[in-house]
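The values are calculated or read from the model by the stated rules, or taken from the named source; none is laboratory data. Given the structure is predicted, the values throughout are model-derived calculations rather than measurements. Cβ atoms come from the backbone with ideal geometry, glycine included; neighbour counts cover every protein chain shown.
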Amino acid sequence: MYMVVVVLLLTGMYFSGMWVFCSKRKHLLMVLLSLEYMVIFTFSLFIHWLGLYECGMYFSMIYLVFSVCEGALGLGILVSMVRCYGNDFFQSFVMLRC
């Protein structure tokens, strides 16, 4: 019973991050923060779900490596866009500027 409640709670929090991802798409920083929020709760679900098996920590470590790479790539894109355009609004991008 405890595991079902935890999974439902984490799934609800994941979908709240999905809602922020879909509704706050004007700023790149908000999009990246909501993606990282969803990654954290997906990791929590992996820990609870794969904790029943012997290889749970191995797959969770691989997932963390890929999520850190995703976060670093997103931060690099954010810094590049702020340097080229001066802000992180999606509406103010001009393709020929940088």
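Tell me the residue from Met1, Met38, Met13 that is under 20 Å from Ala72 (Cα atoms), among the aliphatic types (A, V, I, L, M) and without any contact (Cβ under 8 Å) to a residue 40 or more places away in the chain, please. Spell out the reasoning first.
Numbers: Met1 fails: under 20 Å from Ala72 (Cα atoms); Met13 fails: under 20 Å from Ala72 (Cα atoms).
Testing whether each residue is under 20 Å from Ala72 (Cα atoms), among the aliphatic types (A, V, I, L, M) and without any contact (Cβ under 8 Å) to a residue 40 or more places away in the chain leaves just Met38.
In the list Leu64, Leu45, Leu32, Leu75, which residue meets the criterion of being of a type in the set (A, V, I, L, M) and at pLDDT below 85? Steps first, please.
Values: Leu64 fails: at pLDDT below 85; Leu32 fails: at pLDDT below 85; Leu75 fails: at pLDDT below 85.
Of Leu64, Leu45, Leu32, Leu75, the one residue that is of a type in the set (A, V, I, L, M) and at pLDDT below 85 is Leu45.
Scanning region 33-62 for residues that are of a type outside the set (Val, Ile, Thr) and within 12 Å of the chain's Cα centre (by Cα) gives Leu33, Ser34, Leu35, Glu36, Tyr37, Met38, Phe41, Phe43.
Selection of first residues in region 72-84 that are touching a residue at least 40 places away in the same chain (Cβ under 8 Å) and farther than 17 Å from Val39 by Cβ and of second residues that are part of a helix (DSSP H, G or I) and among the hydrophobic types (A, V, I, L, M, F, W, C), restricted to Cβ pairs under 7 Å at least 6 apart or on distinct chains, gives the following pairs, ordered by first then second residue: Met81/Leu28.
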